[in-house]
Ligand code: NI
Ligand code: MN
């Protein structure tokens, strides 16, 4: 699996057969390195919650590529009203086996209004279990103690944690979250897109190094194999 970072919370997972996007945010994403027309193929789009900086380009991308959108029932209903036809509803605590691997949806501590002000349901995280890797995408969240339980339940190889502060946890709380989750490696996300979430990711990496956790800082277009 190749994982490409496109700034903010936007990840692209290129598996053997499938291309999966998580929280695609292109228009308005000041760090984004691509345009809506850059993709040749998208099979799945996973959405953690309804805020515009996570769902904004989904309607256009899903329709253009006939991609299946995986999200909670409220976000799926909003997409359905916009004529996105391939949707897969999930909710907190559920597993489902997709062609690229297993997806587990669990709760984030955040909010989830949709861009038109309608209710977006419970915000989520995803744990994705592929053939050779277990990934964790935290969406937008604060730190909370159940992370310890989830870290024990799943052996997480690679975890993407927000560090931007203001809307989500900042660096100090993300370090706390990292210790609770006990994953093998961390990547900081959801920072530097807007002035209010400006952070130095190296500070996060340095603090984690003190606790013996390795970190990879991905600038947009950089990838991990
Ligand atoms: Ni949000
Ligand atoms: Mn956000």
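Name the residue, out of 183, 159, 174, that is within 15 Å of ligand 2 (Cβ to nearest atom) and either within 16 Å of the chain's Cα centre (by Cα) or at pLDDT 95 or above (or both).
174
May I ask you to list the residues in segment 94-123 that are crowded, with 16+ Cβ neighbours inside 10 Å, more than 14 Å from ligand 1 (Cβ to nearest atom) and part of a loop (DSSP other than H, G, I, E, B)?
Listed by number, the list holds a single entry, 100.
Would you be able to say whether some residue in segment 124-139 is within 16 Å of ligand 2 (Cβ to nearest atom), touching a residue at least 24 places away in the same chain (Cβ under 8 Å), within 12 Å of the chain's Cα centre (by Cα) and assigned to a loop (DSSP other than H, G, I, E, B)?
First, pick out the residues of segment 124-139 that are within 16 Å of ligand 2 (Cβ to nearest atom): 124-126, 137-139.
After this cut, where a residue has to be touching a residue at least 24 places away in the same chain (Cβ under 8 Å) as well, the list is 124-126, 137-139.
Narrowing the set further to residues that are within 12 Å of the chain's Cα centre (by Cα) leaves 124-126, 137-139.
Those still in the list that are assigned to a loop (DSSP other than H, G, I, E, B) too: 138-139.
Yes, segment 124-139 contains at least one residue that is within 16 Å of ligand 2 (Cβ to nearest atom), touching a residue at least 24 places away in the same chain (Cβ under 8 Å), within 12 Å of the chain's Cα centre (by Cα) and assigned to a loop (DSSP other than H, G, I, E, B).
Looking at 69, 36, 19, 84, which is the one that is over 17 Å from residue 122 (Cβ atoms), surrounded by 21 or more Cβ atoms within 10 Å (Cβ to Cβ), away from ligand 1 (no atom under 16 Å from the Cβ) and without any contact (Cβ under 8 Å) to a residue 60 or more places away in the chain?
Being over 17 Å from residue 122 (Cβ atoms), surrounded by 21 or more Cβ atoms within 10 Å (Cβ to Cβ), away from ligand 1 (no atom under 16 Å from the Cβ) and without any contact (Cβ under 8 Å) to a residue 60 or more places away in the chain holds for just one of 69, 36, 19, 84, which is 84.
Somewhere in segment 140-150, is a residue at pLDDT 95 or above, under 22 Å from residue 223 (Cα atoms), within 15 Å of the chain's Cα centre (by Cα) and not in a helix (DSSP H, G or I)?
yes
When you scan segment 47-62, how many residues do you find that are part of a helix (DSSP H, G or I), surrounded by 22 or more Cβ atoms within 10 Å (Cβ to Cβ) and near ligand 1 (Cβ under 8 Å from one of its atoms)?
Of the residues in segment 47-62, 1 are part of a helix (DSSP H, G or I), surrounded by 22 or more Cβ atoms within 10 Å (Cβ to Cβ) and near ligand 1 (Cβ under 8 Å from one of its atoms).
Test residue 137 against the criterion of being surrounded by fewer than 18 Cβ atoms within 10 Å (Cβ to Cβ) and at negative phi, and give yes or no.
Judged against the criteria, residue 137 is not a match.
What number goes with the only condition from (1) away from ligand 1 (no atom under 14 Å from the Cβ); (2) modelled with pLDDT under 95; (3) in a loop (DSSP other than H, G, I, E, B) that residue 29 does not pass?
It is condition (1) that residue 29 fails.
The values are calculated or read from the model by the stated rules, or taken from the named source; none is laboratory data. Bear in mind that the values here come from a model prediction, so they are computed numbers and not experimental data. A quick note on method: Cβ atoms are made from the backbone with ideal geometry, for glycine too, and the neighbour counts reach across all protein chains shown.
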